[in-house]
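The values are calculated or read from the model by the stated rules, or taken from the named source; none is laboratory data. Here the structure is a predicted model, which means the values were calculated and not measured. Here the Cβ positions follow ideal geometry from the backbone for every residue, glycine too, while neighbour counts run over all protein chains shown.
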Amino acid sequence: MNRIFETKVFLPIALALIAMLLLTACGSKQSPTGGKVDSEKIKLLASIPEEYADISEQKIELTFSKIIDRTTFLKGVYIYPTVENKKLSFDGHQVTIKFLEALKSDTNYYIILTTRIKDIRGNSLDNNQTLIYRHGKLQANRISGNIAYENPQDNGLPVLLNLLSTDSLWVMSKTFKGNSYQIDALNPQSYILRTFIDKNLNGRYDANFEPYQEYDISEKPISTYDLNMAYADTVKPAIRTIRSISNHEYEILLNKTVKTFQKISVQSERTKQDLQVFAVNHELDRITVLTSQTDTTKWQFTITELRDSKGNINLKSSMTITGTARQDKTLPAVLSTNPRSGATVNNLQPVLEITFSEIIPVSFFQASMIESDSKKEIPFRLTKSNSTTYRLQPEKPLENYKSCVLTIEDTTSDLSGNKLQQPFKLVFLPIFRTTKS
């Protein structure tokens, strides 16, 4: 009885102890936790045959720095022209592509490897890249150009360039930095060229905050297309606010820089009569308007066909404000000239530029030009007026090496009748040297 009892009591305990020992032993076989995580990107180490070589054997062997995950490679590789019948085999770090159909003669073939390709630990290829091979004669069409940046701070960032066929098949992917690009070894055909700066490194264009450029490229041996890496903009230009400067002058601030507009009108809300607009000065997002005298009633300002540099157009933008009866008592002044007074000019018909502190109506502008020694009057024409900037040019070539004086008379005034404090003189010397052949 005692032996049977002892067996019944101690046998379960012994089995439990054996199970615990086995679990401990199994646990000891696990890899130690911690250690450096593998986050190294994949790199392409070699290609057989090498780039630009003939692939008449219809086989390409690619060797990578790490073991490639088969599923991601199938999703991340593109071939152009399209090869439907092909076989891919994987052996460690090596991937072999065999073409099982006839290839086109005298045609370049492009193998695009994308960052969708990963190793068995989930690390991606370091960047999109395109390998170029030939079947027969190497094709040598070229596309190139300069790269300009709307935001100067983007210069130096990688510009991702994707070349597609006209039916939107992926042909090539390249990355460029700096102020120029060049794509060589292209088949003679038309293309779609799409470029953007991948600021968030997600591999796709995000219109909200990334610059972009696209072209349709016609078939030519050598094509030149400059890239303007500009940001998308669908906002229409419009009046943001209007500030009264005096009873003759109003400053219109726009919501963005405007390239052109058609007309500005100012109308009394009470009488519906239009004020006369004498002059308009436009600088980027700011328009200054000189009108006939206003009072403290309501006035509606309207600008038609506002157009920005991105092609956004607003057919009509209006704003109503309370006018002012405040008079302008500030004297106008000459702020700068080009050339500066006392300088030489390498032109016998130079364009002289004068910048005033405010708009000068052309009917209130008084100036004369003479030859310094002979006092002979020099006729000139205005090429820009009714603005803060005036440009004028002698009607005939000046005498070489003879000093001239342009005088802005002190009778010159603004619309309110405020005159220059004193005459302003711009002295310049034309020196024109001809180059002997």
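Miscellaneous remarks
- A count restricted to the range 103-142 and to residues that are closer than 17 Å to Lys66 by Cβ and assigned to a strand (DSSP E or B) stands at 6.
- If you filter the range 424-437 down to residues that are surrounded by fewer than 15 Cβ atoms within 10 Å (Cβ to Cβ) and more than 15 Å from Val351 (Cα to Cα), you find that the one that is modelled with the lowest pLDDT is Ser437.
- Between Asn202, Asn187, Asn208, the distinction of being polar (S, T, N, Q) and modelled with pLDDT of 95 or more belongs to Asn187 only.
- Failed condition for Val258, given (1) surrounded by fewer than 17 Cβ atoms within 10 Å (Cβ to Cβ); (2) assigned to a loop (DSSP other than H, G, I, E, B): (1)
- Ala333, sole failed condition from (1) farther than 24 Å from Asp285 by Cα; (2) touching a residue at least 40 places away in the same chain (Cβ under 8 Å): (1)
- Residue count, the range 192-204 (criterion: in a loop (DSSP other than H, G, I, E, B) and either surrounded by fewer than 17 Cβ atoms within 10 Å (Cβ to Cβ) or within 11 Å of the chain's Cα centre (by Cα) (or both)): 7
- Screening Ile252, Ile245 for residues that are within 19 Å of Leu415 (Cβ to Cβ), touching a Phe, Trp or Tyr at 6+ places or on another chain (Cβ under 7 Å) and touching a residue at least 40 places away in the same chain (Cβ under 8 Å) leaves exactly one candidate, Ile252.
- Residue in the range 2-20 that is small (Gly, Ala, Ser), closer than 30 Å to Asp126 by Cβ and at pLDDT below 95 present: no
- Qualifying residue in the range 347-364 (condition: farther than 30 Å from Glu249 by Cβ, without any contact (Cβ under 8 Å) to a residue 60 or more places away in the chain and in contact with a Pro (Cβ under 9 Å, 6 or more places away or on another chain)): yes
- Scanning the range 205-252 for residues that are over 25 Å from the mean Cα position of the chain (by Cα) and not in a strand (DSSP E or B) turns up Glu219, Lys220, Pro221, Ile245, Ser246, Asn247, His248.
- Taken over the range 301-316, the residue count meeting the criterion of being surrounded by fewer than 17 Cβ atoms within 10 Å (Cβ to Cβ) and over 24 Å from the mean Cα position of the chain (by Cα) is 5.
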